[in-house]
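No lab work stands behind these numbers, since they all come straight from the coordinates. Given the structure is predicted, the values throughout are model-derived calculations rather than measurements. Using ideal geometry, Cβ is built from the backbone for each residue, glycine included, and neighbour counts are taken over all protein chains shown.
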Amino acid sequence: MASQAAHPFAKPRSIRVWVERGLTAICFLCALATIFVSAFILYTLVVESAEFFRTIPLKEFFGSPNWNPLMKDGEYGIRALITGTMMIAAGSAVVGVPIGLMIAIYLSEYARPAVRKIAKPALELLAGIPSVVYGYFGLTVVTPLLKMINPAITTYNAFSGSIVVGIMILPLVASLSEDAIASVPRATREAAYGLGASKAEVSLTVVLKAASSGIIASILLAISRAIGETMAVTLAAGMTPTSNIDFTKAIGTMTAYFVEVSSGDVPRFGPQYTSIFAVGLLMFLLTFGMNLLSRRLVRRIQRFG
């Protein structure tokens, strides 16, 4: 019986086993490192925040409408920062989500392959632009255009910040939604066409419903990105915390407060310094809650349709 020729890339079994074990160990260590880093960050936030709340009671932190920690007699009402953050998140969602969904539907259902091949990479280039560039774009281009429409708009305003962040999250919504729509089986579309549905009806009802879990996940992920955006919001919307909902005026967000503190002289100890960690812990819990909500919604939609 003729012996079979050895495969040119074949390795002795013992070497393959050790290589596989080595790769498994490396992957395990990488996963362990991410867990360790996350736990260490959470530990730091909790410890420093506990020090802050020994000085500032929770009633003042969540009840006071004013946030001026850098003043002599500081005010620590987080409501003003939460209001500004939610204004930017909601405004950017109004701008970025509908446009992103329409782009995703066009690329997946209507665009020719040649157009899709060029348009999708060009769209994703927006995600590679630094946020500080978006901030200056909002300050020097978007705000002057808004002032032409409404002269009462101030130089720093929530409208400009919402538009800029909406443009920033647009590639995220469009790309992930397009992937979700493209994953819908062609048989689903053909069945709808067989029942006499038009192209628009298939796209807006059948396909969107089938891809709803991926679309909702992309929207919630984009909103989480909007909540955590820093430089673009700071440059376009300003650093003036207020509890009033007025998109024509300057506002302050939780991330803008980090920029404000890092640009000044804050003592290492005291509530001014530890307030950074209290705000950071609140942001961590907020984004963590958003991620849990998105996972729960996606699983519920996948289960019940």
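General observations
- FRET efficiency for M102 and F288, using Cβ-Cβ distance with R0 set to 30 Å, rounded to 0.05: 0.50
- Candidate cross-link partners of K117 among the aspartates and glutamates, defined by an alpha-carbon separation under 18 Å and a same-chain spacing of 8 or more, comprise E109, E178, D179.
- The distance linking the range 93-145 with the range 167-226 is 17 Å (Cα centroid to Cα centroid, whole angstrom).
- When the pairs K59/K147; K59/K249; K120/K209; K120/K147 are compared against a 29 Å limit on Cα-Cα distance, K59/K147; K120/K147 fall above it.
- Acute angle (nearest 10 degrees) that the helix 113-124 long axis makes with the longest principal axis of the chain, alpha-carbon atoms: 30 degrees
- Mean separation of Cα contacts under 8 Å (6+ apart) over length of the chain, as relative contact order %: 25 percent
- Every helix of 4 or more DSSP H residues in the chain counts as -39500 (n - 2.57), and over all residues that averages to -22500 deg cm²/dmol at 222 nm.
- Net charge in the neighbourhood of G252 (other residues with Cβ under 15 Å of its Cβ; Lys, Arg +1, Asp, Glu -1) is -2.
- Per-residue Cβ neighbour rank within 10 angstrom, fewest leading, D179, D246: D246, D179
- Residues T240, T274, sorted so that the one with the fewest Cβ neighbours within 10 Å comes first: T240, T274
- Extension gain for the segment Y136 to V259, taken as residue separation times 0.36 nm less the Cα-Cα distance, is 42.7 nm to one decimal.
- With each label modelled as a point 7 angstrom along the Cα→C-beta vector, the K147-D179 pair spans 4.1 nm.
- Each Lys and Arg adds +1 at its Cβ and each Asp and Glu adds -1 at its Cβ; summed about the Cα centre, the range 67-304 shows a dipole of about 760 debye.
- Potential lengthening between A200 and R16 on full extension [0.36 nm per residue; Cα-Cα distance subtracted]: 60.9 nm
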